[in-house]
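**Student:** Handing you this structure, nothing more for now.
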Amino acid sequence: MELTTLDYSLIIGFFLIVLSIGIITSRQSGKNASEYFLSGRSMPWWLLGFSMVATTFSTDTPNLVTDIVRNNGVSGNWVWWAFLITGLLTVFVYAKLWRRSNVNTDMEFYELRYSGKPARFLRGFRSVYLGVIFNVLAMSGVTLAAIKIGQIMLGLSPIETVGYAALVTVIFSALGGFKGVVYSDFLLFFVAMIGSIGAAYYCVNLPEVNGLSNLISHPNVSDKIALLPNFDDSETLITLLIIPLAIQWWSSWYPGAEPGGGGYIAQRMLAAKNENHAVGATFFFNIMHYALRPWPWIIVALASLVVFPDLASIKEAFPAVTDDKLGHDLAYSAMLTKLPNGLLGLVIASLVAAYMSTISTHLNWGASYIVNDVYKSYINKNASQKQLVNAGRFSTVILMALSAVFALALTNAVQIFEYILMFGAGTGLIFILRWFWWRINAWSEISAMFSSGIISIVLNITAVSNALFGYVNAEGAAVEGLFPGWGKFPLIVLITTIVWLTVTFLTKPDDSTTLFNFYKKIQPGGPGWKKIISEARESGTEIQAKDEKWSVPSGIVAMLISCAIIYSCLFATGNYIYGNIPLALILTGVTIVGAFLLIRVWKGMKKSIL
């Protein structure tokens, strides 16, 4: 594969535009910490929505989807499609609560919700835990994808790819701050979408694939296109569908799909003009992320099964790829080498766009924790605004360097996805309930965080894992364990939940003043706060707003209707692609009817996007 002058012009031109955005916004972003990390809380819903979508449109996402499709078929994507439930619960229940909190980061929330030294410890420790450890892990997965793209498409060594990608991204991120990230995300979204759609169209029409109908009927593909797992295969059904829908969506913490909101999604909600803009941004994001965006990646993944049916064929075509980086996720990059000049340059620019969007968001988000929740809280409480901005820029560089080093040691995208899910298993229910149940305290979260991590490590030790969940021996025979093979994740969730519930009732609740202040500011409502409202009234304090109605029941109804709308849209698109027109039309009808129902429910909630 050779890049022409046109390809290089598109790539270099894109780099220059993005760097220009960073330079232009640097003066405004450098004024103070609020501007650098939240853009002065003045962002409209549509700009924040595009930013959320662009951020999750990462270089590792098409690689992850390709790995899933090649191994488990299209239905394997339920491992992340299930997170739609989490996202929509954030839209209709948590978005307004986050915006009301008016905190600078979701870590600052801990000292608003909890009291005493445990709250302070939790804020500091979790800032490092998420802002550095988890954040670096997530960024390393994105950088790993960039390494594979560099090897396959450009013939670059891993160190060369990391060096080029990290240098440009860290300069842009350090200069432009949050405003630079959001403004560039708007551009990056369209570049990335055009690139992915163009790549899918061309790959389907390659001579080897010979059109969409031949692709769908090809023997390598025909058993991979189902949107639901095989109901006759109980283990696959439980692993790919039942666990994600029944347990995973509410129990796991995952970047961009945190139960109860959080992370860089919370950062964007906190940067919104008001509650309605926070709701609108998150709703727009979930529609785009789940209903429309997956199909170009899925199409390329299916086409790759025709062109590169196994790992040996990928290795044969790209002998320079190192063995430690060889995996099914490489197939996406391998397919892109088939693109013609011009489109090739555009697609590479789109992948660069996806990389820069995701990494710049993670850098700014992680730096916001380090500066606001560690540096300002523990190291320099009287830091000037200039010092805070400089600390943010320094943190950005350090985070980029750490993630680059870690990426060189990783192998595939699914590896990262599974690690993050395991280490967050069982903690999600706390993030959902802490807004609506007064009894949850800082010790609840501390115990869940540590127990989830420790249990995950123990259960992933080979000897323990083999004894509990079975394994395949050297002769290829399956050896049964104490639990079924799919039982690891539910077991972590169960043990972690028992631990944090036990700790909750064994430790003292938060002090009344903290709980009174939290309720008065947030107005979460619900039966879980009745005791605190009564105590406040007995002490002569009124903390419940008279005109505030509990919107959670209506929010849950809106969430369920929206799930039906977005899943119907997702499946309708798939059936149009597969040529199942009658079913596609029925699903389109469900989408339209659901939209009318949602409008009525939303009006009943007396909330509007605009």
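The values are calculated or read from the model by the stated rules, or taken from the named source; none is laboratory data. Just so we're clear, the structure is a prediction, and the values are computed from it rather than from any experiment. Note that each Cβ is placed from the backbone with ideal geometry, even for glycine, and that neighbours are counted across all protein chains shown.
**Student:** Of everything in the stretch 502-522 that's surrounded by fewer than 17 Cβ atoms within 10 Å (Cβ to Cβ) and part of a helix (DSSP H, G or I), which residue is nearest to the chain's Cα centre (by Cα)?
**Tutor:** Looking only at the stretch 502-522, we keep the residues that are surrounded by fewer than 17 Cβ atoms within 10 Å (Cβ to Cβ), and these are 502, 505-508, 511-513, 517, 520-521.
Retained after the next criterion (residues that are part of a helix (DSSP H, G or I)): 502, 505-506, 512-513, 517, 520-521.
Working: Thr502: 30, Phe505: 32, Leu506: 34, Ser512: 35, Thr513: 35, Asn517: 31, Lys520: 31, Lys521: 28 Å.
Here the answer is Lys521.
**Student:** Going through the stretch 136-149 one residue at a time, which ones are touching a Ser or Thr at 6+ places or on another chain (Cβ under 6 Å) and surrounded by fewer than 24 Cβ atoms within 10 Å (Cβ to Cβ)?
**Tutor:** Val136, Ser140
**Student:** If you don't mind, there's one more thing I want to ask. Checking the conditions here, which among Arg126, Arg99 is under 17 Å from Thr282 (Cα atoms) and assigned to a helix (DSSP H, G or I)? Give the steps one after another, and end with the answer.
**Tutor:** Details: Arg126 fails: under 17 Å from Thr282 (Cα atoms).
Going through Arg126, Arg99 in turn, the sole match is Arg99.
**Student:** Among the numbered criteria (1) in contact (Cβ under 8 Å) with a residue 12 or more places away in the chain; (2) surrounded by fewer than 23 Cβ atoms within 10 Å (Cβ to Cβ); (3) aliphatic (A, V, I, L, M); (4) not in a loop (DSSP other than H, G, I, E, B), which single criterion is violated by Ile133?
**Tutor:** Just one mismatch for Ile133, condition (1).
**Student:** Provide a single number: the residues in the stretch 377-406 that are surrounded by 22 or more Cβ atoms within 10 Å (Cβ to Cβ) and either more than 29 Å from Gly49 (Cα to Cα) or among the hydroxyl-bearing types (Ser, Thr, Tyr) (or both).
**Tutor:** 3
**Student:** Sticking with this one: For Gly525, work out the one condition from (1) assigned to a loop (DSSP other than H, G, I, E, B); (2) surrounded by fewer than 16 Cβ atoms within 10 Å (Cβ to Cβ) it doesn't fulfil.
**Tutor:** The number of the failed condition is (2).
**Student:** Looking at the stretch 184-227, which of its residues are in contact (Cβ under 8 Å) with a residue 24 or more places away in the chain and of a type in the set (Ser, Thr, Tyr)?
**Tutor:** Those that are in contact (Cβ under 8 Å) with a residue 24 or more places away in the chain and of a type in the set (Ser, Thr, Tyr): Ser184, Ser196, Tyr202, Ser213.
**Student:** Hand me the list of helices (runs of 4 or more DSSP H) wholly inside the stretch 19-78 holding 2 or more residues that are among the polar types (S, T, N, Q) and within 24 Å of Leu388 (Cβ to Cβ).
**Tutor:** Values: elements: 33-38, 45-56, 60-72.
Qualifying helices (runs of 4 or more DSSP H): 45-56.
**Student:** While we're looking at this one, here's another question. Is there a residue in the stretch 335-353 that is surrounded by 22 or more Cβ atoms within 10 Å (Cβ to Cβ) and modelled with pLDDT of 90 or more?
**Tutor:** Yes - at least one qualifying residue is present in the stretch 335-353.
**Student:** Just to be sure, is Val374 in contact with a helix residue (DSSP H, G or I) (Cβ under 9 Å, 6 or more places away or on another chain), modelled with pLDDT of 85 or more and within 30 Å of Gly49 (Cα to Cα)?
**Tutor:** yes
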